[in-house]
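Every number in this text was worked out from the coordinates using simple rules, so none of it is lab data. All values reported here derive from a predicted model rather than from experimental measurement. Neighbour counts run over all protein chains shown; Cβ positions are idealised from the backbone, glycine included.
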Amino acid sequence: MSVADPRPRVWVSQPLFGDVIARLREHFDVRTVDTITQHSPQDIAQALGDVDGALVTLNDRIGAAEIAGASRLRVIANVGVGYNNLDLPALTQAGILASNTPDVLTQTTADFGWALMMAAARRISEAERWLRDGHWQQWNFETLLGGDVHGSTLGILGMGRIGQAIARRAAGFDMRVRYHNRSRLPVEVEQACAAHYVDFDTLLAQSDHLMLVLPYTPANHHLIDAAALARMPAHATLTNIARGGVVDEDALADALANGRLAAAGLDVFEGEPAINPRLLALRNAVLTPHIASGSLATRRAMVALAVDNLTAALGFGPAAGKPPSLLNPGARAASG
Ligand code: 8YV
């Protein structure tokens, strides 16, 4: 008969770098899953039912129903800087700590946003498909002409860490940078990014290349709708590395199909991994499978930070009691 492990129990919802996750075994009884799984709400509720902590990803939605029976649960460590998969007020009210993984992915994600914008503006995916499909019979001066990135105006919607990292890249391309954010940044930060604050409508109207980097909340669901797209110049591109729900994809497909917008670079989709078929059919949409933070080093660093958060929240490791990126310190008060 095996003796039950008396240590705190943690659940790791997806297979993530095994050697990084192994660090959890120093302190905890760790439950893992073998294959990438789209857990049902019931499965999540069951998995959380008898653990002290969980390490989850954006595919795992955790709200009041999932934690209702989780009497031991003290922490949810999310792998990702975005945490719209978590119902933070519900977790806080239940006294459950939540954490995310900021900073470690900032530069990698900014690199990718830049690449996607460049690919959309310069028609890179479209050109490669065209070439592979055997259309290149003769060099032609007017083949696949795109829009310029250098010297143009970059608009950034959402000027957090990643937005600022993108703005700094623009200096090397002699771009003007405009941004809109919930709140205006301190002047020193604006100067460091050479970015000018404008209102939302001005951002839409002035951006040759608009980049979405804002956190997804119910308030900005379909913020980029038909009316917003109609305010953008027809030669503009739209790049989304935030969350798919920020954009009304049917309105975007209309704009791309009828020449109201030059191109889009999309790494995130409202129903991902399902993709709006209209977007799939458009030659001027560059589509990637939510990989903006996906360099090997960064994805490992994200999991490592989530491990640190989980370990510290449960009172172990060098930062015991002080998770490095806690989202809801108020949960402590709620749990008394
Ligand atoms: C992650 C992301 O890959 O950090 C985020 O918010 O969208 C991506 O970088 C994803 O969240 C992994 O769960």
Handout entry: Estimated D of the chain in µm² per second, where Rh is the Kirkwood radius over Cα pairs and Stokes-Einstein applies at 37 °C, 0.692 mPa s
Key = 153
Practice task
Would you work out the relative contact order for the chain, in percent, from Cα pairs under 8 angstrom that are 6 or more residues apart?
Solution key: 20
Fill in the blank from the handout: When the chain is treated as a Gaussian network with springs between alpha carbons less than 10 Å apart, the largest mean-square fluctuation among PHE173, PHE316, PHE141 is found at PHE141
Completion exercise
Counting Lys and Arg as +1 and Asp and Glu as -1 over every other residue whose Cβ sits under 13 Å from the Cβ of LEU266, the net charge comes to -3
Exercise for the section: Run through every distinct alpha carbon pair of the range 106-287 and return the Kirkwood hydrodynamic radius in angstroms, one decimal place. Expected result: 16.5
Practice task
Could you go through the range 176-182 in sequence order and give the Karplus-derived ³J(HN,Hα) for each residue, using 6.51 cos²θ - 1.76 cosθ + 1.60 with θ = phi - 60°, rounded to whole Hz, and x for Gly and Pro?
Solution key: 7, 10, 10, 9, 10, 8, 3
Handout entry: Formal net charge of residues neighbouring LEU305 (Cβ-Cβ distance under 13 Å; K, R +1; D, E -1)
Key = +1
Problem - Phi to ³J(HN,Hα) by Karplus 6.51 cos²θ - 1.76 cosθ + 1.60 over the range 200-215, Hz, x for Gly, Pro - result: 4, 5, 5, 4, 4, 6, 9, 7, 7, 9, 10, 10, 9, 9, 8, x
Exercise for the section: Return the inverse of the average 1/r over all pairs of distinct C-alpha atoms in the range 187-336, which is the Kirkwood hydrodynamic radius, in Å to one decimal. Expected result: 18.0
Completion exercise
A correct Karplus calculation of ³J(HN,Hα) over the range 88-100, with 6.51 cos²θ - 1.76 cosθ + 1.60, θ = phi - 60°, whole Hz and x for Gly and Pro, returns 4, x, 5, 5, 4, 4, 7, x, 9, 6, 9, 9, 10
Practice task
Please report, in cubic angstrom per residue, the volume enclosed by the convex hull of the alpha-carbon atoms of the range 89-213.
Solution key: 165
Handout entry: the range 25-112, relative contact order [Cα under 8 Å, separation at least 6], %
Key = 24
Exercise for the section: Count charges around ARG129 for me, please; just the other residues with Cβ under 15 Å from its Cβ, Lys/Arg as +1, Asp/Glu as -1. Expected result: +1
Exercise for the section: Please report the relative contact order for the range 106-287, taking Cα pairs under 8 Å with a sequence separation of at least 6, and give it as a percent rounded to a whole number. Expected result: 22
Exercise for the section: Would you pull out the residues with amide H under 5 Å of TYR179's amide H, same chain only if 5 or more places away, H placed 1.01 Å from N? Expected result: ILE156, HIS196, TYR197, VAL198
Fill in the blank from the handout: Log entry: pair-distance distribution for the range 1-85, C-alpha pairs binned every 5 Å from zero, whole % per bin is 3, 14, 26, 26, 19, 9, 2, 1, 0
Fill in the blank from the handout: Ranked output for segments 161-168, 230-237, 183-190 by mean other Cβ atoms within 10 Å, highest leading, reads 161-168, 230-237, 183-190
